[in-house]
Amino acid sequence: MSSLTADQVALQLESLPEWSKDGNSLVKTYTFAEFTDAISFMVRGAFFAQSLEHYPVWQNDHNVLTVRIGDPEQSAVQSRDVQLAKRLESIAH
C-alpha cells in the first residue's frame, strides 16, 4: 500500500465527481432510480473490491447508497482507495 499526500488526494478527487475525503477515507453517496439499482451496483462493485482485496463500507437506504473506502486505522488515503473509487465510478452510469 502506498499512502498519498494531501496534494495527491486532491488531484485524484478532481477526476472523481462528488467523492470527498473524510478523515483518511474517500466517501460518496449515490442515488439510484430504484432499490434494485443500488443493490445491483453493490454486487458489481463487490467483484472489484474482491479483486483488489480492499472492501468498502456500504450504507444502503432504499435507493441511496453511501460508500466509504479506507480503513479507519490507516494514517492516510491509500492509492488502492483511489483505485477502487475509480472502478466504482466506471460502473455507476
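The values are calculated or read from the model by the stated rules, or taken from the named source; none is laboratory data. On a predicted model such as this, the values are computed, not experimentally measured, just so you know. Every residue, glycine among them, receives a Cβ derived from its backbone with ideal geometry; neighbour counts consider all protein chains shown. Please note that ligands, DNA and RNA were not included when accessible areas were found on the heavy atoms of the full protein model with its side chains. Shrake-Rupley method; radii C 1.70, N 1.55, O 1.52, S 1.80 Å.
Element breakdown for segment 1-92 at a 1.4 angstrom probe: carbon and sulfur atoms account for 51% of the accessible area. Expressed as a whole percent, how much of the Cα-Cα distance distribution for the chain exceeds 19 Å? Every Cα pair in the chain considered, those over 19 Å come to 35 percent.
Taken one residue at a time, the phi angles of segment 63-72 give Karplus couplings (6.51, -1.76, 1.60, θ = phi - 60°) of 9, 10, 10, 9, 10, 10, 10, x, 6, x Hz. Gly and Pro are set to x.
Residues of segment 29-43 with an amide N closer than 20 Å to a point placed 7 Å from the Cα of H62 along the Cα-to-Cβ direction: 29-42. Among the DSSP helices (H) of the chain, those spanning at least 18 angstrom by Cα along their long axis with an average Kyte-Doolittle hydropathy of 0.0 or more are 35-52; this is a geometric and hydropathy rule only. Per-residue ellipticity at 222 nm, computed for the chain from helices alone with -39500 (n - 2.57) per DSSP H run of at least four residues, works out to -13500 deg cm²/dmol. Using a probe of 1.4 angstrom and keeping all protein chains present, the accessible surface of the chain works out to 60 square angstrom per residue. Return a whole-number percent for the relative contact order of the chain, with Cα pairs under 8 Å and 6 or more residues apart as the contact set. In percent, rounded to a whole number, it is 38. Counting only heavy atoms of the protein chains and using a 1.4 Å probe, S90 has close to 80 Å² of accessible surface.
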